[in-house]
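Participant: Structure incoming, see below.
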Amino acid sequence: MDGKEMETTKHSIKIKVNGEEHACEIEPRLLLSDFLRHELGLTGTHVGCEHGVCGACTVLMDGVPVRSCLMFAVQAEGHEITTVEGLAESMEELHPIQQAFWDAHGLQCGFCTPGILMTLVPFLEENPDPSEAEIRQAISGNLCRCTGYQNIVEAVKLAAERGLNS
Amino acid sequence: MKPPPFDYLRATSLEEALEFKAQHGEEAKFLAGGQSLIPTMNFRMVQPSILVDLNEIPELDYINLDSEGYLRIGAMTRQCRIEQDPEVERNEPLLHETIPFIAHPQIRNRGTIGGSLVHADPAAELPVIALATQAQLQVKSADGERWISGADFFQGMFMTDLGPEEILVEIKFPPIPERTGWSFMEVSRRSGDYAMMGVAAVVTLEENEICEDARLVYLNAGDGPVDAKEAAKILIGERGSAAVIEAVSEQASQKDIDPFGSIHATMDYQRHLASVLTTRVLKQAFSRASNT
């Protein structure tokens with residue numbers, strides 16, 4: 001390192017998150033995960049490993065689960081990002097998958113939970129009646145240190161039983 | 001765990017991407033899916049001063065079967081798309097079988113076939129498949145284009161033949177001969193981890209079950225995908241008997257590969273895995289070849 005501060009141009013971009021467009025000026029190196037948490041205050045997206053392994057940072061980009069720690073916020077311009085804060089219709093009513101996790105005790109500390117929920121929402125939309133093996137395969141990219149996955153799987157089964165449109 | 005500063009250029013066409021690269025040369029790095037590059041930038045192992053984003057170039061995202069039966073895939077095609085494509089399943093089943101072993105579903109939603117090949121991680125699956133299928137890679141620069149085989153493309157750990165102003169644009173898979181079988185297997189400690197060992201096998205049989213062509217390629221077994229040529233030679237002119245397969249496993253695992261060992265698996269264990277996996281993939285490849 002030569003000790004010189006490198007000046008890079010900030011980019012003015014518009015990013016759509018949970019249906020709302022945000023205009024901001026950011027450095028290209030700002031990761032999408034940090035943008036969501038620090039620029040927008042949406043701290044539901046968690047940062048665990050910052051190299052794509054743990055899944056705590058998973059969000060939806062154009063409806064598809066991606067690692068927000070492996071994207072730069074500037075790349076999200078022109079796309080739609082959905083975070084866990086965007087799941088519930090209102091403060092009063094949880095999304096069916098969130099309600100199922102509540103009812104089946106599918107979380108303990110909750111650190112992995114937002115990443116798991118975002119992974120599961122498109123999964124259940126495409127697979128409304130998954131087998132246990134399919135559920136475990138679907139969450140194989142999300143690490144949980146608390147639950148041993150048992151009640152996570154039960155919560156998914158409950159959500160599937162109830163249907164996502166309940 | 002945050003990258004150092006860099007400048008960002010978003011290319012909206014291949015031409016623009018090549019122009020940016022020609023302007024900036026070595027200073028600029030292409031950003032494909034980012035699933036390998038961004039972690040290395042987060043670790044500050046790689047510090048490009050300029051990133052040229054390829055993710056908004058639709059012309060590099062395609063899967064086409066041409067009139068001669070070649071399966072042609074654009075370099076920016078997402079791994080998840082390849083995983084789900086019925087033409088890939090039909091025409092290049094080895095590729096179809098291997099993709100689900102790459103990392104996790106979320107990674108495959110962004111990761112691209114071209115990005116993985118150019119990153120050239122010795123533990124990656126796609127370089128192994130490029131060699132096992134004898135795919136040809138198309139490389140372009142502002143001045144022209146060329147085709148190169150996988151064998152010539154991979155030059156060492158994270159090193160390829162790609163020049164400073166070049167970009168990989170297409171991967172072309174040749175049609176599979178009749179009576180050809182395939183198999184891919186790998187062993188990792190957790191689903192989605194880098195594998196401790198993995199192998200792809202392709203065998204082609206004559207009418208009487210005699211093998212006339214074979215390839216065995218290993219990952220995490222050297223400084224790039226390892227083509228076990230001496231081991232594969234043992235199969236030529238033979239049937240896939242237990243004795244022949246055992247001889248091939250022995251040659252491959254003890255002589256042809258050169259695994260480095262790591263905290264997850266010692267060299268000896270990697271060789272042991274190679275031996276077991278070789279036997280299994282060959283059995284499956286021979287069985288599939290007989291049934292086509």
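What follows is calculated from the coordinates using simple rules that are stated; it is not laboratory data. Fair warning: this is a prediction, and the values are worked out from it, not measured in the lab. Glycine gets a Cβ as well: all are built from the backbone with ideal geometry, and neighbour counts include every protein chain shown.
Participant: Near A:Lys16, which aspartates and glutamates are there with a Cα under 16 Å away, not counting those fewer than 8 places off in the same chain?
Facilitator: In chain and number order, the partners are A:Glu25, A:Asp34, A:Glu39, A:Asp62, A:Glu77, A:Glu80, A:Glu85.
Participant: Quick one: if you stick a label point 7 Å off each Cα along the C-beta vector at B:Ile236 and B:Arg90, how many nm between them?
Facilitator: Inter-label distance under the simple model: 3.3 nm.
Participant: I would also like to ask the following. For segment B:137-183 and segment B:236-284, write down the distance between their C-alpha centroids in whole Å.
Facilitator: 26 Å
Participant: Still on this structure: Taking square-rooted eigenvalues a ≥ b ≥ c of the alpha carbon gyration tensor, is chain B rounded, prolate or oblate, where a/c under 1.5 means rounded and, failing that, a/b exceeding b/c means prolate?
Facilitator: Numbers: a/c = 2.16, a/b = 1.53, b/c = 1.41.
Prolate, since a/c reaches 1.5 and a/b exceeds b/c.
Participant: Which of the trypsin sites (Lys or Arg not before Pro) found in segment B:161-221 are in a DSSP loop and have at most 12 neighbouring Cβ atoms, other than their own, within 10 Å?
Facilitator: Loop-located and lightly packed - B:Arg189, B:Arg190.
Participant: Also, quick follow-up: For the charge dipole of chain B, defined by +1 on Lys and Arg C-beta atoms and -1 on Asp and Glu C-beta atoms about the Cα centroid, which residue among B:Val202, B:Ser36, B:Ile167 has the Cα displaced farthest towards the positive pole?
Facilitator: B:Ser36
Participant: If each residue's Cβ is checked for other Cβ atoms within 10 Å, how do A:Thr147, A:Thr9 rank with the fewest at the top?
Facilitator: Going from least to most buried by this count: A:Thr9, A:Thr147.
Participant: Give the angle, between 0 and 90 degrees and rounded to the nearest 10, that separates the Cα long axis of helix B:14-24 from the longest principal axis of the Cα atoms of chain B.
Facilitator: 70 degrees
Participant: Here's something else I'd like to know. Using the crude model of +1 on Lys and Arg Cβ and -1 on Asp and Glu Cβ, and no other charge, please compute the dipole size for chain B relative to its Cα centre, in debye to 20.
Facilitator: 1020 debye
Participant: Let me ask something additional. I need the shape label for the protein assembly as shown. Rule: rounded when a/c is under 1.5, else prolate if a/b > b/c, else oblate, with a, b, c from the alpha carbon gyration tensor.
Facilitator: Here the protein assembly as shown falls in the oblate category.
Participant: Let me ask you something else. Note the full-extension length gain between B:Ser191 and B:Glu59 as 0.36 nm times their separation in residues minus their Cα-Cα distance, in nm to one decimal. List each step's numbers first, then the result.
Facilitator: Working: separation 132, 0.36 × 132 = 47.52 nm, distance 3.29 nm.
The span from B:Ser191 to B:Glu59 would gain 44.2 nm if fully extended.
Participant: I've got another one for you. Once you charge only the Cβ atoms, +1 for Lys and Arg and -1 for Asp and Glu, what is the size of the charge dipole of chain A about its Cα centre, to the nearest 20 debye?
Facilitator: 440 debye
Participant: Excluding the sites themselves, what is the longest stretch of chain B that contains no GluC sites (Glu not before Pro) in a DSSP loop with at most 12 other C-beta atoms within 10 Å?
Facilitator: B:69-177
Participant: I've got another one for you. Rounded to the nearest 20 Debye, what is the dipole magnitude of the protein assembly as shown about its Cα centre when Lys and Arg each give +1 and Asp and Glu each give -1 at the C-beta?
Facilitator: Roughly 1160 debye for the protein assembly as shown.
Participant: Using only Cα atoms, find the angle between the long axis of helix B:267-290 and the longest principal axis of chain B, and express it within 0 to 90 degrees, rounded to the nearest 10.
Facilitator: So the helix axis and the longest Cα principal axis differ by about 70 degrees.
Participant: What is the order of A:Ile26, B:Ile38, fewest Cβ neighbours within 10 Å to most?
Facilitator: Numbers: A:Ile26 18, B:Ile38 25.
Sorted ascending by nearby Cβ count, the order is A:Ile26, B:Ile38.
Participant: Also: I need the calculated FRET efficiency for the pair A:Glu125 and A:His105, taking r as the beta carbon distance and R₀ as 25 Å, to the nearest 0.05.
Facilitator: E between A:Glu125 and A:His105, to the nearest 0.05, is 0.60.
Participant: Mind giving me the nanometre distance, one decimal, between the label points for A:Glu21 and B:Thr266, set 7 Å out from Cα along Cα→Cβ?
Facilitator: 6.2 nm
Participant: Among the lysines, select those whose C-alpha is under 19 Å from the C-alpha of B:Lys255, and discard any that sit fewer than 8 residues away in the same chain.
Facilitator: List returned: B:Lys229, B:Lys233.
Participant: A further question on this structure: Which of B:Asn208, B:Asn91, B:Asn55 moves the most in a Gaussian network model of chain B with Cα springs under 10 Å?
Facilitator: Residue with maximal mean-square fluctuation among B:Asn208, B:Asn91, B:Asn55: B:Asn208.
Participant: Projected onto the charge dipole of the protein assembly as shown (+1 at Lys/Arg Cβ, -1 at Asp/Glu Cβ, origin at the Cα centre), which of A:Asn18, A:Pro114, B:Gln84 gives the Cα projection farthest towards the positive end?
Facilitator: Positive-end residue among those listed: A:Pro114.
Participant: I've got another one for you. Quick one: length gained pulling A:Lys10 to A:Glu132 fully straight, 0.36 nm per residue minus the C-alpha distance?
Facilitator: Full extension from A:Lys10 to A:Glu132 adds 39.3 nm.
Participant: Express the relative contact order of chain A as a whole percentage, based on alpha carbon pairs under 8 Å and six or more residues apart in sequence.
Facilitator: Dividing the mean separation by the residue count of chain A yields 22 percent.
Participant: A further question on this structure: For segment A:33-84 and segment B:94-135, write down the distance between their C-alpha centroids in whole Å.
Facilitator: Here the two parts' Cα centres lie 24 Å apart.
Participant: Let me ask another. Answer rounded, prolate or oblate for segment B:1-126, using the Cα gyration tensor with square roots of eigenvalues a ≥ b ≥ c: rounded when a/c is under 1.5, else prolate when a/b is larger than b/c, else oblate.
Facilitator: Oblate, because a/c is 1.5 or more while a/b does not exceed b/c.
Participant: Further question: Peptide B:1-7: average number of partner chain Cβ atoms within 10 Å per residue?
Facilitator: Per-residue shielding by partner chains comes out at 6.
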